[in-house]
1. If a residue must be within 12 Å of another protein chain (Cβ to nearest Cβ) and over 9 Å from A:Ile119 (Cβ atoms), how many such residues does the range A:72-85 contain?
2. Would you tally the residues in the range B:234-254 being facing chain A (nearest Cβ under 10 Å), open to solvent by less than 60 Å² (accessible area, probe 1.4 Å) and free of Cβ contacts under 8 Å to residues at least 40 places away in the same chain?
3. Considering B:Glu126, B:Glu222, B:Glu218, which residue is out of contact with any Leu (no Cβ under 6 Å at 6 or more places or on another chain) and either surrounded by 19 or more Cβ atoms within 10 Å (Cβ to Cβ) or assigned by TED's automatic domain parsing to the domain that holds B:Glu240 (or both)?
4. Within the range B:15-29, restricting attention to residues that are open to solvent by less than 10 Å² (accessible area, probe 1.4 Å) and either in contact with a Pro (Cβ under 7 Å, 6 or more places away or on another chain) or among the aliphatic types (A, V, I, L, M) (or both), which residue is nearest to B:Lys114 (Cα to Cα)?
5. All but one of (1) open to solvent by 80 Å² or more (accessible area, probe 1.4 Å); (2) farther than 18 Å from B:Lys239 by Cα; (3) in contact (Cβ under 8 Å) with a residue 60 or more places away in the chain hold for B:Tyr178, so report the exception by its number.
6. Select from the range A:76-93 the residues that are open to solvent by 60 Å² or more (accessible area, probe 1.4 Å), of a type outside the set (S, T, N, Q) and part of a loop (DSSP other than H, G, I, E, B) and list them in ascending order.
7. Can you find, within the range A:42-60, the residue that is surrounded by the most Cβ atoms within 10 Å (Cβ to Cβ) among those that are in contact with a His (Cβ under 9 Å, 6 or more places away or on another chain) and under 23 Å from A:Lys6 (Cβ atoms)?
8. Which numbered condition trips up B:Phe185, out of (1) more than 14 Å from chain A (Cβ to nearest Cβ); (2) touching a helix residue (DSSP H, G or I) at 6+ places or on another chain (Cβ under 8 Å); (3) in contact (Cβ under 8 Å) with a residue 40 or more places away in the chain?
Number of protein chains: 2
Amino acid sequence: MDPRLKKYLESTLKEVSIDCTIFGFHAGELKVLLLRWKGTDSWSLPGGRIFLEESANEAAVRILRERTGLQEIFLQQFYTFGAANRYKNFSPDELIKTLELTFGEDFFDEKLMKRNISIGYMALVEFEQVVATPDWYTDECRWWEISAVPTLLFDHNDMIETALKALRQQLSYQPIGYNLLPEKFTMPELQRLYETILDKQLDRRNFQKLMLSYDILEKLPEKRTGGAFKAPFLYKFDKEKYDRAIQEGITFKV
Amino acid sequence: MDPRLKKYLESTLKEVSIDCTIFGFHAGELKVLLLRWKGTDSWSLPGGRIFLEESANEAAVRILRERTGLQEIFLQQFYTFGAANRYKNFSPDELIKTLELTFGEDFFDEKLMKRNISIGYMALVEFEQVVATPDWYTDECRWWEISAVPTLLFDHNDMIETALKALRQQLSYQPIGYNLLPEKFTMPELQRLYETILDKQLDRRNFQKLMLSYDILEKLPEKRTGGAFKAPFLYKFDKEKYDRAIQEGITFKV
């Protein structure tokens with residue numbers, strides 16, 4: 001076995017690991033970052049093990065930084081995947097083949113296919129700032145549109161579904177958009193972000209009224225120009241109020 | 001070592017376990033179920049290990065059933081506690097003494113104090129229906145008022161705090177109260193439940209308006225009688241609409 005792999009397995013927890021669902025927003029589409037395993041056509045979410053002296057949250061921050069170059073960004077747990085069998089998307093034979101192609105034939109007996117629980121973390125990142133970087137067991141790291149994600153290794157399709165559900169719930173108690181939109185944006189752009197995450201159309205007037213009621217937006221004197229239609233107002237987040245709303249929530253304010 | 005304990009340790013996961021924050025509501029107070037460890041004055045949340053062939057969720061359901069006699073009730077993950085040191089509330093000496101009192105002196109070398117990650121589950125239960133039952137390593141299982149919870153073993157005070165925070169956020173996207181209130185209740189009783197969880201006073205009119213906007217309450221023809229004041233209307237949850245609101249959320253409905 002590759003001595004690097006051997007050392008990694010010995011210095012990390014065995015029964016619990018981490019997977020990261022990293023969302024970006026670009027050209028009106030929600031995207032997710034995936035890795036292609038070495039020598040295969042099999043894709044998975046970015047993830048990794050937790051070093052013995054490292055907290056789960058520290059491991060997630062490290063993995064996010066290693067795959068995207070980003071740090072100090074919005075990253076949170078959303079669910080821990082603890083099914084007794086998390087390898088359901090591929091048959092055992094297919095999965096063994098993938099693992100042998102990536103890790104070599106002597107890997108398989110050692111560790112994998114044992115019971116493993118994964119802590120799911122979710123990040124919302126600025127698409128343009130990400131330097132997508134494969135790790136040592138993958139050949140390729142790139143963005144996929146949510147609607148085009150292929151069948152992934154392990155239970156990673158479930159993970160993306162569950163992360164999306166958590167993100168939708170979060171829209172009800174926290175503002176969103178700071179990492180996903182450019183600094184200045186129009187109300188229709190903000191609405192498009194919400195509609196993409198919620199996967200449904202929202203009423204324009206109700207949406208605007210709701211957003212303004214959160215008291216986190218600053219209306220700018222300038223307008224977006226250059227379009228064929230009436231130039232829309234530009235907004236930016238009032239970062240202080242935005243951060244307070246993240247802490248205190250946007251419902252039950254009184 | 002007790003052969004029962006030995007068998008339990010061998011047939012369960014070693015690096016990851018479960019703890020349950022079980023909330024009940026009684027006499028206008030939010031309460032939490034705690035266990036006192038055998039031969040000690042040390043308290044903890046109910047919890048346990050995950051059997052090798054059991055999912056994390058199944059383990060949580062089992063633990064809840066064993067401690068309360070209840071099943072098929074609202075139980076959910078809220079956070080996974082993965083700090084590198086989760087034993088901070090007591091000094092190592094105090095903790096070792098507690099564990100030796102409970103498990104005997106030969107236990108300590110074997111297993112505990114190793115790195116362990118805990119998946120936190122939260123349940124909301126009908127106070128009156130719970131039959132609080134200690135497990136084989138505890139002498140006592142009983143309700144504590146949230147405000148009177150003592151210093152607990154491990155990081156269990158943090159767990160209760162985090163569960164409360166998750167519960168508060170949940171009020172923004174899901175209805176609450178079905179398992180916590182009697183079948184028929186008044187609007188002030190529902191408001192008292194929300195105020196207890198949120199730990200703040202809410203405006204009576206705004207609260208009533210918000211609750212009615214969720215369209216999950218059925219106003220009953222009868223009124224609560226017997227008090228010194230004007231008899232308040234009684235409500236009950238429309239269970240079908242309530243369950244739909246749990247699924248679909250109560251914000252962004254249009």
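1. Step one: filter the range A:72-85 for residues within 12 Å of another protein chain (Cβ to nearest Cβ), giving A:76-85.
Then keep just the ones that are over 9 Å from A:Ile119 (Cβ atoms); that gives A:76, A:78, A:82-85.
Residues that pass the stated criteria total 6.
2. 1
3. Values: B:Glu126 fails: either surrounded by 19 or more Cβ atoms within 10 Å (Cβ to Cβ) or assigned by TED's automatic domain parsing to the domain that holds B:Glu240 (or both); B:Glu222 fails: out of contact with any Leu (no Cβ under 6 Å at 6 or more places or on another chain).
The conditions single out B:Glu218.
4. For the range B:15-29, the residue satisfying everything is B:Val16.
5. Of the numbered conditions (1) open to solvent by 80 Å² or more (accessible area, probe 1.4 Å); (2) farther than 18 Å from B:Lys239 by Cα; (3) in contact (Cβ under 8 Å) with a residue 60 or more places away in the chain, the odd one out for B:Tyr178 is (2).
6. At the first step, the residues of the range A:76-93 found to be open to solvent by 60 Å² or more (accessible area, probe 1.4 Å) are A:79, A:85, A:88, A:92-93.
Remaining after also requiring of a type outside the set (S, T, N, Q): A:79, A:88, A:92-93.
A:Lys88, the sole residue that qualifies.
7. A:Gly47
8. Result: B:Phe185 passes all but (2).
The values are calculated or read from the model by the stated rules, or taken from the named source; none is laboratory data. All figures in this text were calculated on a predicted structure; none of them were measured in a lab. Counting neighbours? That spans all protein chains shown, and the Cβs are built from the backbone with ideal geometry, glycine included. For the accessible areas, the whole protein counts, side chains as well, though only heavy atoms, and no ligand, DNA or RNA atoms are used. Shrake-Rupley method; radii C 1.70, N 1.55, O 1.52, S 1.80 Å.
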